[in-house]
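For reference, the structure discussed in these notes is given below.
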Amino acid sequence: MPQRSATPHEKITAAQARRLLLEAQGLTGRADGPADDARVFHLIERMGFVQIDTISVVERAHHLILASRLDAYRPDRLAGLLERERSLFEHWTHDASAIPTAWFAHWKPRFERYRRRDPQRAWWKARMGPEPKRIIAEVLDRIERDGPIMSRDIESPKDEPTGIGDEWWRWKPHKCALEHLWRCGELAVARRVNFQKVYDLTRRVLPHGHAAGPPSEDEHVEWACASALERLGCATPRELAAFWNAITLAQARAWCDAALRGGRIVPVEVQAADGSRPRLAVAFHDWRGRLESAGRAPRRARLLCPFDPVLRDRERTSRLFNFDYRFEAFVPAAKRRFGYYVMPVLDGEQLVARVDPKFDRARGVLRLRRVWWEPGVRVTPALEARFDAAVDRLARFLGADSWSIGRRSVNRARGG
C-alpha cells in the first residue's frame, strides 16, 4: 500500500473513480450495433472475464452481464466462443468464469496449487475414500478411451457412503475426481449440455494452452497486477490481488512498490461517496488521460446482474457509488431486506434503484415485483422513461411478450 509522504498523492474523486471503473468494465460505451463474435470476445477481454452462475430466476448471470452492455447480444455467442472458437475457456477466478484462452498459461500456477492442496483438505478423504489415486486413474482412463463425459456418465453406486450430510459434500468419488482434475488443468470443459459440464482432456480441448509452459513468478505477478489495474482504473494492492484471485497480497504490494519506483504507476488518494475516509491506492501514471478519453457514460439506465463485475466488491460499490448492496439469495426469506435476486439499476454513472424481478417463462412475462429508488434520487419523467426502456430491453432479450411492475403491465407485442 502506498504510504503517506511529503509528496502529496494525486486525488481522485469518487465520481472520477466510478468513471474509470465503468469505462474499464464496458459500461460507458454504446450498446447498440451488432454483437458478433469479435465484439463479444473483445468485451469479455476488456472486462477480464465474465462470471458463470447457475441461478436463472431471470437469466443466467453470464448472459445478463453481457446483455447489459450489448443490446444485440444473444446467449449462443458465448457458447460459440467457448465451445467452437475456443477463444475463451472456463475455469475459476474468484468463481467459475469464462476467460480469454490467451491467458491460459497464467492458470497453470493455480492448477499446481489445487493439485497440492486438494489432497490435504479434510473433505478429500470424506469424498474420495481410501483410494483416490485409483479413482482418478479410472476417470482419466475412461475419458482417454471413450472421449468426453459428464458426471452422470461415471457416477458411483448410489449407496456408496461419504459420511457427509450436506448436498455439496455428497458428491460421489468419481464426480469429485472429475472436478479435481478440472481444477488441476488435466481436464477442460469441452461444452455444456443443459448447463451440465462435459469434460475432456485439456490436451484435446485446448492443445496450444496445454502445451505452453507456465509463466515465471515475476511474469505471473506482472500480468496479474497490470491487467487487474487496467480493469479497475485505480485500486489498492488488496483489490489488485483479489481481481483474479491468482496472487497473494504480499506479491501485489511488492509489484506496486516496484511499479511506483519505475514510474509506471502513481500513488493516489481515492475519495469516497459514502462518507468513509479516502483510500490510498495506485493508478497508471496517465489516469487523467484515460479519464478524459472515457467521457461521460450515456444517460441510459441498465439493470445489472447481481454478479456484475462493478458490484462484485461490495465494499468498493459502497465507497464509490454510495450504494449498499447485498446478494440475498442465500439469506433466509424472513431476513431479506429486498428480495431473492435483486438487480441494481445503473443510470449513467449512478446506481439509482434496485428491483426484485422474476421471469415467468410459462406466461412470457417479466415481473418486477417492486422497485426501490435510492434515497435522494429525484424520480423525474425522464428517469422513469429511461428505466422503462431498460426493463423493456431486458424483456426483449429474455423473449418476454410483456413486463409488469406492480399493477402496471406493458405488452411488448403491441408496443406498450
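Where a number appears in this text, it was derived from the coordinates with a stated rule and is not lab data. Predicted model only: the values in this text are computed from it and were never measured. Positions of Cβ are backbone-derived with ideal geometry, glycine not excepted, and every protein chain shown enters the neighbour counts.
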Original post:
Per residue, how much space in cubic angstrom lies within the convex hull of the C-alpha atoms of the range 329-404?
Top reply: 108 Å³
**OP:** Before rounding to the nearest 500, sum -39500 (n - 2.57) across all DSSP H runs of length at least 4 in the chain and divide by the residue total; then give [θ] at 222 nm in deg cm²/dmol.
**Re:** -11500 deg cm²/dmol
Subject >> Residues of the range 178-213 with amide N under 16 Å of the 7 Å Cα→Cβ point at E219 >> reply: 208-213
Subject >> Debye equation applied to the C-alpha atoms of the range 282-368, log10 I(q)/I(0) at 0.18, 0.22 Å⁻¹ >> reply: -0.91, -1.17
Subject >> Compactness of the chain - radius of gyration and Dmax, Cα, Å >> reply: 22.9, 69
Original post:
Rg and Dmax of the range 1-128, using alpha carbons, in Å: what are they?
Top reply: 19.0, 57
Subject >> Viscosity 1.306 mPa s, 10 °C: Kirkwood-radius Stokes-Einstein D of the range 171-250 over Cα pairs, µm²/s >> reply: 106 µm²/s
Subject >> Volume per residue that the Cα convex hull of the range 188-341 spans, once the total is divided by residue count, Å³ >> reply: 197 Å³
**OP:** Would you mind checking K133/K172; K108/K133; K108/K197; K133/K197; K172/K197 for any pair whose Cα atoms are more than 18 angstrom apart?
**Re:** K108/K133; K108/K197; K133/K197
Subject >> Relative packing of 327-334, 49-56, which averages over residues the other C-beta atoms within 10 Å, highest first >> reply: 49-56, 327-334
**OP:** Restricting things to alpha carbons, tell me how big the range 30-97 is in terms of Rg and Dmax, in Å.
**Re:** 11.3, 31
Subject >> For the range 198-218 versus the range 277-347, the gap between their alpha-carbon centres in whole angstrom >> reply: 34 Å
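Given the peptides 256-262, 201-207, arrange them by the average over their residues of other C-beta atoms within 10 Å, most packed first.
Top of the packing list down: 201-207, 256-262.
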